[in-house]
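Some notes on the structure that comes next.
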Amino acid sequence: MQEIAKSLKQLNNFLILVHVNPDGDAIGSGMALKRILEKMGKKAVFAVDGNLPRKLNFLQEYSEIGKAEDILSRDFECTIAVDVADKERLGAYLGKFMESEVRINIDHHATNSMFGTLNHVENVGAAGILVYELARLLGVEIDMETATLLYVAICTDTGNFSYGNADGRVLRTASELVGYGIDIPRIIKTIYKERTIQELKLLGVAIDHTRLFSEGRIGVSYIRIEDFERCSITIDDTEELIDFIRDIYGVEIAMILKESEEGKFRISFRSNSYADVAGLAALFEGGGHSRASGGRIEGELEDAIQRLVEKAEKFI
Ligand SMILES: [Mn+2]
């Protein structure tokens, strides 16, 4: 991290990137790092590939997050990937990231492929923890909005401090962030409690589609394109659905298929106590953490479910 801090001090013009289809950790970490660099008097752009989750639109400057079409023609002295396990996960920015001479990779996935020229990879609860520690190392003052962003990052990647990765370091970092006066009830209500009537109805569809396999140890659901259309929900606002399947009594592995294009599905995987769903996701063009991961599959729905269940059985 010392080497990374040194580069951040020396250089002036940064592009911050995260994984495609960004989640709370990616967005919170990326936006926080932008603010930290700006506090140091630097120029920094944060850009994503994919849609932004509606639930995070209470964050300041959310609408200013860059899109590929605005960014790809611009030049940067240094590119920084945060919460990106592998360079392929940079999506549309892969080329832009790699063309930079100084490429920084800050991540918390155990499977990280060390694709930067400077890498800091530590298997902690959220990338937001590493960004917080970097800010402390740089001696940059953290304001309330930055603390809010880092809290969002940490809270979303630990299931609101409820997963096995919610260790002492997670809780110590969170407690330090609380010291900056952040509004936890507002953050939690917005992210975990409030939902639109359409989101509630789509949840009903996901629950209705849920089936159990392997004596109830595997739970599977799906959402088809027509379900998204009927409920007027985009695929990017469906992060929470998988939690309801994971929480079924007796389930170890939960999976949900979300149809992104006709016959093409994004898959979310979760496990409760022992199954390595990072390994499972790796069989389906994906990856992630041992208790939470994602991948993709193509084909006819029932056939796709059968193939998923067959592989999942080897992990329980
Ligand atoms: Mn993360």
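Quick note: the coordinates plus some simple rules give every number you see, no bench work behind them. Everything numeric in this text was worked out from a predicted model, so none of it was measured. All Cβ positions, glycine included, derive from the backbone under ideal geometry; neighbour counts span all protein chains shown.
In which sequence would ILE297, ILE253 go, from the one with the fewest C-beta neighbours within 10 Å to the one with the most?
Least to most surrounded, the residues fall as ILE297, ILE253.
Enumerate the amide H contacts of GLY287 below 5 Å, restricted to partners 5 or more residues apart or on another chain; note that Pro and chain-start residues carry no placed amide H.
GLY294
Positive end of the charge dipole of the range 25-85 (Lys, Arg +1 and Asp, Glu -1 on Cβ, about the Cα centre): tell me which of GLY28, LEU72, ALA44 has its Cα farthest that way.
Farthest along the dipole direction, towards plus: GLY28.
Would you mind ranking THR148, THR111 by Cβ crowding within 10 Å, fewest neighbours first?
Placing the least packed residue first, the sequence is THR111, THR148.
Rank these for me by crowding, LYS67, LYS55, going from fewest to most other beta carbons within 10 Å.
Ascending Cβ contact count within 10 Å gives the list LYS67, LYS55.
Along the charge dipole of the range 2-192, pointing to its positive end and built from +1/-1 on Cβ of Lys, Arg, Asp and Glu, which listed residue (VAL18, THR158, THR146) has its Cα farthest out?
THR146
Using only helices, what value at 222 nm comes out for the chain when you add -39,500 (n - 2.57) per DSSP H run of length 4 or more and divide by the total residues, to the nearest 500 deg cm²/dmol?
Result for the chain: -11000 deg cm²/dmol, rounded to the nearest 500.
Cα atoms only: what Rg and Dmax, in Å, come out for the range 1-134?
For the range 1-134, the Cα-based Rg and Dmax read 13.2, 36 Å.
So the label point goes 7 Å from the Cα of GLU88 along Cα→C-beta, right? Which residues of the range 15-41 then have their backbone N under 18 Å from it?
Those under the cut-off are 18-22.
Read phi for every residue in the range 124-137 and hand back ³J(HN,Hα) as whole Hz from Karplus 6.51 cos²θ - 1.76 cosθ + 1.60, θ = phi - 60°, with x for Gly and Pro.
Taking θ as phi minus 60°, the curve returns 9, x, 7, 4, x, 5, 5, 5, 4, 5, 5, 4, 5, 4 Hz for the range 124-137.
Quick one: which residues, 5 or more positions from SER260 or on another chain, have an amide H under 5 Å from its amide H? H modelled 1.01 Å from N in the peptide plane, none for Pro or chain starts.
PHE265, ARG266
Taking θ = phi - 60°, what integer Hz values does the Karplus form 6.51 cos²θ - 1.76 cosθ + 1.60 yield along the range 60-70, in sequence order, with x for Gly and Pro?
4, 6, 4, 6, 8, 4, x, 10, 3, 4, 7
What percent do you get for the relative contact order of the range 197-315 when only Cα pairs under 8 Å and 6+ apart count?
Relative contact order, the range 197-315: 20 percent.
Based on DSSP, what percent of beta bridges with both residues in the chain are antiparallel, to the nearest 5?
Taking every DSSP beta bridge within the chain, about 45 percent pair in antiparallel fashion.
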